[in-house]
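> What follows is a structure written as structure tokens; I'll ask about it next.
Laboratory data are not the source of any read-out in this text; all were calculated from the coordinates shown. The structure presented is a predicted model; accordingly, all values stated were derived computationally and were not measured. Neighbour counts run over all protein chains shown; Cβ positions are idealised from the backbone, glycine included.
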Ligand SMILES: [Zn+2]
């Protein structure tokens, strides 16, 4: 039930943000954003770029934007006078950031999706802008399967599914479109919370129940090495690393983290003849990568590493080149006004202001509680020390 409530709240939040950003329009967005932040640049994050497809559940929709949206994002960045730069230029741009200098933006694509080659690259090459692809080498080699897509495909293909969890076996009815979506959302939650190797076992079990060929699915969705050679040869394309198995690094011991961070670079060098200088943490949220991972990425020699924590770049990010925030371009927000708002960094400003407000309210509440506690303590001390009582 709490999951349903959380999803309802999330859907309502998406709708509210969508309508308010639409109402603002470009002019309003620019006016609000102007002078309200000290951001010097941003790193935009994409996953899939593909035309709308039918016969899908909406559970992965946030990860997917259309080629037209990508085109609008690049055009909006140019219209708002950003310099679109490669990740190689980000440390220097942060070091030299100053008031009055043009802002910069870097375009990044996680996982090595096949549609980056098919649908994103033509847009990027047409605009003549640089971009970075963070490759999960296990996807490129075809021996790691993306569990979030397996859940969706399994729910679509099967009429029921079971999954083993630490709390026992769970059964899901996937006989109707509504039940498929509900089950897929619940299964994504279960697999998200699971640690390896259980998640890999759950993924394989779901695929087996639904008759899915995991290797074929990975080949359908992610570039193989031949395709990576092709895209890496395009003007402006840089290849970065995104681990071998798309593991949640914070779950692993230090030796395994070093292997996940370091080994893909050797594989990319061998397969593509390219030195990967930039890294992206899988999942990238707080709890999935922390200070230990940021330090290890620096130790491994990466020039930058990016998280999925939302934020624009400020001068202070020069001190955290292996924990850089990004601006996600989300499939739920693809209309022009929303894109202009994202490019302005407005949602990040609003989020920061909301966090500050909530923080102030929490501090206020804490202060209030402290005052009440103090008053109660003083009162009790007064009673205890009351001269009338002694
Ligand atoms: Zn990823």
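> Take residue 96 and residue 226, extend 7 Å from each Cα along the Cα→Cβ direction, and tell me the distance between the two endpoints in nm.
4.2
> I'd like the FRET efficiency for residue 162 and residue 79, computed as 1/(1 + (r/R0)^6) with the beta carbon distance as r and R0 of 41 Å, rounded to 0.05.
0.20
> Under a point spin-label approximation (7 Å from Cα along Cα-to-Cβ), what is the residue 254-residue 269 distance to one decimal in nm?
Calculated label separation equals 2.3 nm.
> Taking the simple approach of a point 7 Å from Cα along Cα-to-Cβ for both residue 200 and residue 176, what is their distance in nm?
Computed distance between label sites residue 200 and residue 176 equals 3.9 nm.
> Moving to a separate point now. So if the hydrodynamic radius of region 160-306 is defined as the Kirkwood radius over C-alpha pairs, what does Stokes-Einstein give as its diffusion coefficient at 37 °C and 0.692 mPa s, in µm² per second?
Numbers: Rh = 17.4 Å.
Result for D is 188 µm²/s.
> Note down, for region 179-243, the three equivalent ellipsoid semi-axes (square root of 5 times each alpha carbon gyration tensor eigenvalue), biggest first, whole angstrom.
Taking √(5λ) for each Cα gyration eigenvalue gives 31, 15, 12 Å.
> Could you calculate the contour length gain from residue 290 to residue 88, that is, 0.36 nm times the residue separation minus the distance between their Cα atoms, to one decimal place in nm?
Details: separation 202, 0.36 × 202 = 72.72 nm, distance 2.30 nm.
Here the answer is 70.4 nm.
> Could you bin all the Cα-Cα distances of region 230-282 into 10 Å bins starting at 0 and give me the percent of pairs in each, rounded to whole numbers?
Percent of Cα pairs in each bin: 25, 49, 21, 5.
> Based on the Cα gyration tensor of region 148-210, what are the three equivalent ellipsoid semi-axes, each the root of five times an eigenvalue, rounded to whole Å and given largest first?
After scaling each eigenvalue by five and taking roots: 18, 11, 10 Å.
> Using only the Cα atoms of region 76-211, each taken as one equal point scatterer with no solvent, compute I(q) by the Debye sum, divide by I(0), and report log10 of the ratio at q = 0.17, 0.19 Å⁻¹.
Each listed q corresponds, in turn, to -0.91, -1.01.
> Highest first, please rank the peptides 252-258, 111-117 by the mean number of other Cβ atoms sitting within 10 Å of their residues.
Sorting 252-258, 111-117 by mean packing, highest first, produces 111-117, 252-258.
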